[in-house]
Amino acid sequence: MSDHVPRKTGGSDKPHQHFVQCKSKADAEERARSSSRGRTPIHHTAHEAGQKNHYHPAGKDGEKYPDGSHYEYGKPKQVNDKEKKQQKK
């Protein structure tokens, strides 16, 4: 069974994001690959504090599939001192 979920819009007309928590990096990669119909998924490190590293399903041309799926693993990124200073500005 695939975890692939088509992207829908919410009440604010913003697209839903789908976050699937996985037990390991390998599990996240495999689940994203399954949603990609066997294509190599796209790996992203956490973009900012509080987010987790994750994989996205890939489309037929290797681009990030636009369904909003994130197959997350590991612990959330921590805020470092430099980021704290930038947030205070």
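Laid out as a table, the results:
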| read-out | value |
| --- | --- |
| Phi to ³J(HN,Hα) by Karplus 6.51 cos²θ - 1.76 cosθ + 1.60 over the stretch 64-70, Hz, x for Gly, Pro | 5, 5, x, 9, x, 6, 10 |
| Long-range HN-HN contacts of residue 36 with modeled amide H, under 5 Å | 58 |
| Residue-wise HN-Hα coupling along the stretch 23-34, computed from phi with Karplus coefficients 6.51, -1.76, 1.60 (Hz; x: Gly, Pro) | 6, 7, 4, 4, 5, 4, 5, 5, 5, 5, 4, 4 |
| Debye equation applied to the C-alpha atoms of the stretch 21-78, log10 I(q)/I(0) at 0.18, 0.27 Å⁻¹ | -0.53, -1.02 |
| Simple spin-label estimate for residue 61 and residue 17 in nanometres, 7 Å along Cα-Cβ | 2.5 |
| Residue 77 versus residue 45: modelled label distance in nm, points set 7 Å from Cα along the beta carbon direction | 0.8 |
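Here, each number is a calculation from the coordinates, and none is a lab measurement. Quick caveat, the model's predicted, so the values are computed rather than measured. All Cβ positions, even for glycine, are placed from backbone atoms using ideal geometry, and neighbour counts span all protein chains on display.
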